[in-house]
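Below is one structure, written out as structure tokens; comments come after it.
Every number here is computed from the coordinates shown, using simple stated rules; none is lab data. Just so it is clear, the structure is predicted and the values come from calculations on it, not from any experiment. Reconstructed Cβ throughout: ideal geometry from the backbone, glycine too, with neighbour counts over all protein chains shown.
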Amino acid sequence: DHGGRLWIGSDGGGVTRLDPGGRLTVYSRDDGLPSHSVWALTSAPDGTVWAATELGVARWTGQRWQALPTTGLRDPRVWALRVLRDGTFLVGTY
């Protein structure tokens with residue numbers, strides 16, 4: 001991300017963040033993720049980190065994950081995310 005952190009998603013283990021100093025932080029459903037299965041992560045041009053999970057999309061607020069409504073998606077299982085420079089948000093579902 002813009003702060004030099006590495007975000008790692010796993011199938012069943014949530015998200016792990018590696019800070020530049022080597023500190024690891026693990027995030028789960030207790031931290032706002034919709035699911036423990038995270039299939040993709042992306043960082044938007046504004047620095048927001050987004051997670052694609054088996055039960056929808058979430059964004060990192062700086063303190064915790066915020067799940068977004070899945071209304072309008074053909075399937076809540078999101079496999080891919082991409083935020084374009086102009087702010088267009090692309091979502092790949094199952």
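Here are a few things to note about the model shown:
- Matching residues in the range 25-35 - criterion: being within 12 Å of ALA58 (Cβ to Cβ) and either touching a residue at least 60 places away in the same chain (Cβ under 8 Å) or among the hydrophobic types (A, V, I, L, M, F, W, C) (or both): LEU33
- Among the numbered conditions (1) farther than 16 Å from THR93 by Cβ; (2) within 10 Å of the chain's Cα centre (by Cα), the only one that THR42 does not meet is (1).
- If you go through the range 3-24 and pick out every residue that is surrounded by fewer than 11 Cβ atoms within 10 Å (Cβ to Cβ) and in contact (Cβ under 8 Å) with a residue 40 or more places away in the chain, you end up with 1.
- Of everything in the range 76-87 that is surrounded by 10 or more Cβ atoms within 10 Å (Cβ to Cβ) and in a loop (DSSP other than H, G, I, E, B), the residue that is farthest from the chain's Cα centre (by Cα) is LEU84.
- In the range 47-75, residue nearest to HIS36 (Cα to Cα) [restricted to those that are hydrophobic (A, V, I, L, M, F, W, C) and part of a loop (DSSP other than H, G, I, E, B)]: LEU55
- Among the numbered conditions (1) under 11 Å from the mean Cα position of the chain (by Cα); (2) crowded, with 16+ Cβ neighbours inside 10 Å, the only one that THR61 does not meet is (2).
- Here VAL38 qualifies as touching a residue at least 24 places away in the same chain (Cβ under 8 Å), assigned to a strand (DSSP E or B) and β-branched (Val, Ile, Thr).
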